[in-house]
Amino acid sequence: YTSILRMGPEALAAEAPAIARLARAEGLEAHARAAELRFERDDAAEGER
């Protein structure tokens, strides 16, 4: 099974640490970094507004 989720900035900010932990627990370092980078990018963009 494959699940695809769409999250807004607020949801991602709340869940990014848990997403990264789960990805690392499953051996998916690139997925963990992607979640962290998206959070960082969204957080930086929010500061520019």
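Every number here is computed from the coordinates shown, using simple stated rules; none is lab data. Since the model is a prediction, treat every value here as computed from it, not as a measurement.
5 Å is the cut-off here: which amide hydrogens, built 1.01 Å from N in the peptide plane, fall below it relative to residue 7, excluding neighbours closer than 5 in sequence?
Residues meeting the criterion, in which the H sits 1.01 Å from N, do not exist here.
Using θ = phi - 60° and the Karplus relation 6.51 cos²θ - 1.76 cosθ + 1.60, list the HN-Hα couplings for the stretch 16-22 in order, rounded to whole Hz, with x at every Gly or Pro.
These are the phi-based 3J(HN,Hα) values: 3, x, 5, 4, 5, 4, 4 Hz.
Determine ³J(HN,Hα), in whole Hz, for all residues of the stretch 32-39 in sequence, where each value follows from phi through the Karplus function 6.51 cos²θ - 1.76 cosθ + 1.60 and θ = phi - 60°; x replaces Gly and Pro.
Whole-Hz 3J(HN,Hα) from phi for the stretch 32-39: 4, 5, 4, 4, 5, 5, 5, 5.
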